[in-house]
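The structure appears below as structure tokens.
The values are calculated or read from the model by the stated rules, or taken from the named source; none is laboratory data. No experiment lies behind these values; they were computed from the predicted model shown. Cβ placement follows ideal geometry from the backbone for every residue including glycine, while neighbour counts extend to all protein chains displayed. Areas reflect the complete protein model, heavy atoms only, side chains present, ligands, DNA and RNA absent. Shrake-Rupley method; radii C 1.70, N 1.55, O 1.52, S 1.80 Å.
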Amino acid sequence: MNTLRRCVTGNSLINRLLQEKRTVASVRFLYNDQFLGIDKYVDARQRTISRLGSMRGNFYNRMKAQLNSPVPSMIFTEDLKTVIHSCEDVPEDIEMCVQMMKRFHKQNKELRFGTFVFGPVAMRLFYYLKKQEMMHEFLKNPELEGFFDQLKSYYLSMDLYFKNDKYQEILDAFDILQSKKLAETMFPREGLVLTVGACYKLNTPETYKRATDLITHAREARVPVLRKALGFVVALSLNQNRPDTALEILSNIDRYNNTTGNNLKVLCFAGMDRLQDAFDVLRRVTDQDAPVVSRIRGEICQSTLDTLQKAVEKADDKESSHIFEQLCRSLKESNSITNQTIDDLVCAPIEPRVFPREGDSFSFRPRGRFPDQPFRERERSFQDGEQSFGGGQDSAPRRRRFAGLSDEY
């Protein structure tokens, strides 16, 4: 019995090395509340409810009477703002809010200049109330055509679909988004992340083709594709037993030497029986004597080691078995083994980071101590209200800049 068989049976060395695992909280969303502007919406909601106080009932009765009046009357911006920031999860409130949205949209179709853009704000309300079915219908409702024509409105709905495992709805929303070509692009970056994430979750040959086609067409259109999206496509390729495609995509991702990148590389090499290349990735994680510029950061998942172990067993080579055993020992000693899965890593929440204001231009800048640390790209934050000027889709003054996507996964 060779070294490998001794280490994989009973209380083997590798099993003992992997016994101590840290608990990782399961998450089911990609963008957090800060990025989506939900935190600001909640603040505005609390202020509005406090301002209304005991007069809330009278105000809502007046709005209902106005909607039911035989003589059509105008819905004012401030009234709709108040309803959106105070609506409760009861059928009467929700129905009144939707009817006010429809009437407001109808009366303002020809008066877009300088009007308040309600799409993202309304979507935050229904995101807050967890009404993903309603959000899905809004995007297809002819009475609200144009009301939600902002990228932010689609991102909010798609993120809630992701949180509730409504992956086909994400694909449907992206189809609508592409048909509208908002912000003059067929491949909006965050929409692409959510869409290929849905393809990864559905994990079928059809969604594999769709995801790879989207990435290919985006690159042909010279649209930058975020690493989060590419990570989803790599993981999906591995799930579809296409390690060659996965490795080809990985080879085109600059500076992807983090926990997610390391694990995906090891899985690609294991799937292609390139054991020495897989060992080299593990060795660079554990080799603290290597020059700083040569080190890579992160941890290796137990599930990744399990997959590599099967590839080593298949090779049935004593030298490879011995190297693998020693690398596992080194990973344990350096506290570099995690019980996170690839799904945990590629679906990890995207956290915004605040940048100091140094002008209006977008730029890339390195962060951290090491030259190989990934760059974070600035992204606009979502605000409570969106003020449109001259009919622009997403123009708003004095927006904060965020690094909307973190590559620390």
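Residues that are more than 23 Å from L129 (Cα to Cα) and touching a strand residue (DSSP E or B) at 6+ places or on another chain (Cβ under 6 Å) within segment 158-207 are absent altogether.
Taking first residues from segment 120-131 that are free of Cβ contacts under 8 Å to residues at least 24 places away in the same chain and closer than 17 Å to G146 by Cα and partners that are of a type outside the set (F, W, Y) and open to solvent by 20 Å² or more (accessible area, probe 1.4 Å), no Cβ contact under 7 Å between residues at least 6 apart in sequence or on separate chains turns up. Looking for something among the small types (G, A, S) and closer than 22 Å to K40 by Cα - is there at least one such residue anywhere in segment 63-72? Looking through segment 63-72, none of the residues is among the small types (G, A, S) and closer than 22 Å to K40 by Cα.
Give segment 198-223 a look and list any residue that's touching a Phe, Trp or Tyr at 6+ places or on another chain (Cβ under 8 Å) and assigned to a helix (DSSP H, G or I), or say none. Across segment 198-223, the qualifying residues are A198, C199, Y200, K201, L202, T207, A211, L214, H217, A218.
Screening segment 224-261 for residues that are hydroxyl-bearing (S, T, Y) and in a loop (DSSP other than H, G, I, E, B) and picking the one that is modelled with the lowest pLDDT gives Y256.
Residues checked against (1) open to solvent by less than 60 Å² (accessible area, probe 1.4 Å); (2) within 19 Å of K152 (Cβ to Cβ); (3) touching a residue at least 12 places away in the same chain (Cβ under 8 Å); (4) more than 15 Å from the chain's Cα centre (by Cα):
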{"site": "L182", "(1), (2), (3), (4)": "yes, yes, yes, yes"}
{"site": "M186", "(1), (2), (3), (4)": "no, yes, yes, yes"}
{"site": "G191", "(1), (2), (3), (4)": "yes, yes, yes, no"}
{"site": "E206", "(1), (2), (3), (4)": "no, no, no, yes"}
{"site": "K209", "(1), (2), (3), (4)": "no, no, no, yes"}
{"site": "D213", "(1), (2), (3), (4)": "yes, no, no, yes"}
{"site": "H217", "(1), (2), (3), (4)": "no, no, yes, yes"}
{"site": "V234", "(1), (2), (3), (4)": "yes, no, yes, yes"}
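Looking only at residues of segment 135-149 that are free of Cβ contacts under 8 Å to residues at least 24 places away in the same chain and part of a helix (DSSP H, G or I), we find that the one that is least open to solvent (accessible area, probe 1.4 Å) is F138.
Selection within segment 284-299: residues that are out of contact with any helix residue (DSSP H, G or I) (no Cβ under 6 Å at 6 or more places or on another chain) and at pLDDT 55 or above. The member of this set that is surrounded by the fewest Cβ atoms within 10 Å (Cβ to Cβ) is D289. Counting only helices (runs of 4 or more DSSP H) that sit wholly inside segment 1-81, those with at least 2 residues that are at pLDDT below 55 and closer than 30 Å to V312 by Cα are 3-8, 13-17.
For first residues located in segment 324-345 and more than 18 Å from D280 (Cβ to Cβ), partners that are in a loop (DSSP other than H, G, I, E, B) and β-branched (V, I, T) and lie 6+ apart or on another chain with Cβ distances below 7 Å form the pairs N339/V24; Q340/V24; D344/V24. Looking at the structure I just gave you, is R284 of a type in the set (D, E, K, R) and closer than 25 Å to E313 by Cβ? Yes, satisfied.
The single condition among (1) of a type in the set (S, T, Y); (2) in contact with a Ser or Thr (Cβ under 8 Å, 6 or more places away or on another chain); (3) in a helix (DSSP H, G or I) that Y161 does not meet is (2).
Consider segment 155-180 and keep the residues that are surrounded by fewer than 21 Cβ atoms within 10 Å (Cβ to Cβ) and polar (S, T, N, Q). The one that is nearest to C347 (Cα to Cα) is N164. Could you tell me how many of the residues in segment 325-366 are modelled with pLDDT under 80 and within 29 Å of Q302 (Cα to Cα)? Result for segment 325-366: 3. Checked against (1) touching a Lys or Arg at 6+ places or on another chain (Cβ under 9 Å); (2) closer than 26 Å to M272 by Cα, A211 passes all but a single condition, namely (1).
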